[in-house]
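Shown next, in structure tokens, is the structure this report addresses.
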Amino acid sequence: MREDDMGSLGPQLLAEAQSLSELIIGWRRELHQFPELAFEENITASRVVQALSSMEGVQVVRGIGSPTSVVGVIRGDLDAPALVIRSEMDALPLEEETGLPFSSCMPGVMHACGHDAHMASLLGCAMVLSRRAGELKRPVVLLFQPAEEGRGGARALVEGGLLKRFNVGFVLGVLMWPHLEYGHLMTRKGVMTALSDRIHLEIRGVGGHAAAPHDAVDPIVVASHVVLGIQSLISREMDPLKVAVISFGQMEAGYAYNVIPDEAHLWGTLRAFDLEVRDRLKARLEEMVPAMARAYRASASVEYAKNYPSVYNDPDLVDRVMDAAGRFFGPDGLHQMELPLLSGEDFSFYSMEVPSCLMLLGTGMECSLHHPRYDVPEELMPLMTAWEAYVALSL
């Protein structure tokens, strides 16, 4: 298409997407009601397959790298390298507190990261593109990926041959982002997210009666000192000009209020951008935690797993995406990030293999991601649908 045609295409696609609003919102609400954890997205996958199969010209492929993965291919007959647009499928182990009439039906599981809206918007994109298949310059692979939340679904799909099977040349991802103004798009060249690693600490003490702590070695007290001590690695051993975070989000210990347990377990994460910083902090954790435990007459071990690398946005692809976004969103609705995010994203496994670009679409909502009251503005989903279709037709 000529540039002037592309300028008029944006409003056309937005009008088409808005005509599908009721359908897109319906998909989102259904998916929201039945959230599933990583690699367990069986109901979700079946619903996505059902929706894609109803669209003319969409080839549906299941089970690449994971039994719950779903791919919809449009114009797979074209010879150019394919474009992948990814949506995540999995939910979080979280009890929902939104009070929505379509709240989660699954106790302790919730779509608190927008994956329900991402899937619904991408289904809308599939419908729009299926009607404009003749305008595509390359095959478009609509990827519904399981297990983004810490389990590395993207790695499983890459290892399962996704990129080679469809001759993938580019991968795009769009995330709804509450910390950005409603309807605005943001991305950056180069490093987009932090590396994200997992930490498991096991503190072993001596159990006993709560009334006689001197006859026991309380692993909960030891664990408390260890967590506080670890923060000194950031504040006193890190170069202040470099960035790293160590946070613990889960602790398990004991089975009765009046019994000192034998052991305590903590699970946490390390985020950084510099591999040398990560390696130094990993080494210090493995040295410091057992030493601190010994000082309190306990013992401890550190299990450190390198999980997600940093997402790297290909500069040339970002230029092309930003050029398209300038026409679609206008100059006031487009932003380049100064600094990368400390969030982790398994989109990184695509970006290590082919030129990729991860983007943020602002929702302007109050609650952060992973909050039990997290929600998305449903009226934004047609905009996301139209943008995904627009960029697919632009590249």
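The values are calculated or read from the model by the stated rules, or taken from the named source; none is laboratory data. Bear in mind that the values here come from a model prediction, so they are computed numbers and not experimental data. When we count neighbours, we look across all protein chains shown, and the Cβ atoms used for this are built from the backbone with ideal geometry, even at glycine. Ligands, DNA and RNA are excluded from the accessible area calculation, which covers all protein heavy atoms including side chains. Shrake-Rupley method; radii C 1.70, N 1.55, O 1.52, S 1.80 Å.
Checking His184, His225 one by one, the residue that is touching a strand residue (DSSP E or B) at 6+ places or on another chain (Cβ under 9 Å) and either touching a residue at least 40 places away in the same chain (Cβ under 8 Å) or open to solvent by 10 Å² or more (accessible area, probe 1.4 Å) (or both) is His184 and no other. Just one of the listed residues (Glu16, Glu22, Glu30, Glu56) is out of contact with any strand residue (DSSP E or B) (no Cβ under 7 Å at 6 or more places or on another chain), acidic (Asp, Glu), assigned to a loop (DSSP other than H, G, I, E, B) and open to solvent by 40 Å² or more (accessible area, probe 1.4 Å), and it is Glu56. Looking at Arg280, Arg271, just one residue is assigned to a strand (DSSP E or B) and surrounded by 15 or more Cβ atoms within 10 Å (Cβ to Cβ), and that residue is Arg271. Any idea how many residues of region 155-189 are farther than 21 Å from Pro315 by Cα and within 19 Å of the chain's Cα centre (by Cα)? Matching residues across region 155-189 total 11. Determine if region 342-364 includes at least one residue that is closer than 16 Å to His179 by Cα and in a helix (DSSP H, G or I). No, region 342-364 contains no residue that is closer than 16 Å to His179 by Cα and in a helix (DSSP H, G or I).
Keeping to region 233-256, report how many residues are assigned to a helix (DSSP H, G or I) and either loosely packed, with under 12 Cβ neighbours inside 10 Å or aromatic (Phe, Trp, Tyr) (or both).
Of the residues in region 233-256, 2 are assigned to a helix (DSSP H, G or I) and either loosely packed, with under 12 Cβ neighbours inside 10 Å or aromatic (Phe, Trp, Tyr) (or both).
When the residues of region 156-174 are filtered to those that are farther than 14 Å from Pro67 by Cα and either in contact with a Ser or Thr (Cβ under 9 Å, 6 or more places away or on another chain) or of a type in the set (S, T, N, Q) (or both), the one that is most open to solvent (accessible area, probe 1.4 Å) is Asn167. The residues of region 318-356 that are closer than 19 Å to Lys164 by Cβ and crowded, with 19+ Cβ neighbours inside 10 Å, listed by number, are Asp346, Phe347, Ser348, Phe349, Tyr350, Ser351, Pro355, Ser356. Residues in region 198-222 that are farther than 23 Å from Val245 by Cα, in contact (Cβ under 8 Å) with a residue 12 or more places away in the chain and of a type in the set (Asp, Glu): Asp218 only.
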